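Engineer: Handing you this structure, nothing more for now.
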């Protein structure tokens, strides 16, 4: 296991411990009003759900951008192949000596 994997594992462990501590310290119910519905849920749930909604929104935005970049990469690969073929054809043309 490389050092980057250990670092990732350590970061995940610290975040998990901090999240657990946060949840343990914030069990008090808070009113959440959304679309006319009022719910009494623990504060940590509100924070975690908000965080999760942000992650989902970020992933969706990243996927949209990724698809755009994939199309651009495909277009550039096609252009690159065409230009390579053109260069190859130009290099293999016989030279004519002018009299």
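Every number in this text was worked out from the coordinates using simple rules, so none of it is lab data. These numbers come from a predicted model, not from an experiment. Cβ coordinates were reconstructed from backbone atoms using ideal geometry, including for glycine residues, and neighbour counts include every protein chain displayed.
Engineer: Tally up the residues in the range 26-60 that are more than 21 Å from the chain's Cα centre (by Cα), part of a helix (DSSP H, G or I) and without any contact (Cβ under 8 Å) to a residue 12 or more places away in the chain, please.
Structural biologist: 1
Engineer: Is there any pair with a first residue in the range 75-88 that is without any contact (Cβ under 8 Å) to a residue 40 or more places away in the chain and on the phi > 0 side of the Ramachandran plot and a second that is surrounded by fewer than 10 Cβ atoms within 10 Å (Cβ to Cβ) and assigned to a helix (DSSP H, G or I) whose Cβ atoms are under 8 Å apart and which are 6 or more apart or on different chains, and what are they?
Structural biologist: none
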